[in-house]
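Derivation of every value follows stated rules applied to the coordinates shown; laboratory data play no part. For clarity, every value in this text was computed on a predicted model and none was experimentally measured. Positions of Cβ are backbone-derived with ideal geometry, glycine not excepted, and every protein chain shown enters the neighbour counts.
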Amino acid sequence: MGGLEGNKHANKKLHAGRGPVGKTAVLGMRERGGRIQARPSQQMTFDEIHGAVHESVEPGSQLYTDDHAIFEGLDGLFYRHETVNHGIGEYARGAAHTNSIESVWAVLKRGLHGVYHHASPKHLGRYVDEFIFRLNEGNVKVHTLNRLDSFVDGVVGKRLTYAGLIQ
């Protein structure tokens with residue numbers, strides 16, 4: 001998440017290249033049932049990705065990702081892993097696709113651009129948590145009072161003070 005270098009004011013440009021420069025990566029996973037987990041990461045390393053997968057995904061599960069090298073090694077003992085290669089225009093091959101998690105990023109980005117306009121890396125995790133909660137609990141088939149109960153359960157015992165916010 002982060003703006004394009006070309007759109008920044010001259011004194012805000014990092015002049016450090018293209019691609020992920022000046023951006024914060026967000027790692028996300030979507031279960032077959034639709035529940036989502038996501039969190040920002042300052043350094044998306046092999047160990048962090050594999051640790052998050054081993055922490056969150058049940059052994060024996062089928063994983064679908066793009067063909068980024070950081071996902072190599074997931075196929076084998078614990079998981080079955082298939083990839084799609086966006087670089088050659090492949091977005092789905094049989095059951096293998098990343099469309100579900102791509103729709104999560106679309107909602108998150110549209111919400112940030114349309115509602116908040118900006119999210120600093122310092123507070124990006126709070127914004128990600130808000131949108132993931134909305135996506136996970138926003139099913140209109142679930143009664144409104146049950147959705148409110150899940151919201152209250154999520155905030156009980158948590159307090160954010162202004163001093164804690166600006167640290």
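Can you give me the long-range amide H partners of residue 66? Hydrogens built in the peptide plane at 1.01 Å from N, cutoff under 5 Å, separation of 5 or more residues or another chain.
84
With +1 assigned to the C-beta of every Lys and Arg and -1 to the C-beta of every Asp and Glu, and no other charges, what is the dipole magnitude of the chain about the Cα centre in debye, to the nearest 20?
Working: 20 positive and 18 negative charges, 180 e Å.
Dipole magnitude for the chain comes out near 860 debye.
Calculate the FRET efficiency for residue 142 and residue 31 from the Cβ-Cβ distance with a Förster distance of 22 Å, rounded to the nearest 0.05.
For residue 142 and residue 31, the calculated efficiency is 0.85.
Using amide H atoms built 1.01 Å from N in the peptide plane, name the residues 5+ places from residue 81, or on other chains, whose amide H lies under 5 Å from its own.
Close amide H contacts, sequence-distant or interchain: 63, 76.
Packing-wise, with mean Cβ within 10 Å as the measure, how do 114-126, 147-159, 34-46 rank, highest first?
34-46, 114-126, 147-159
Restricting the count to DSSP beta bridges whose residues both fall in the chain, what percent are antiparallel, rounded to a multiple of 5?
Just about 55 percent of them are antiparallel.
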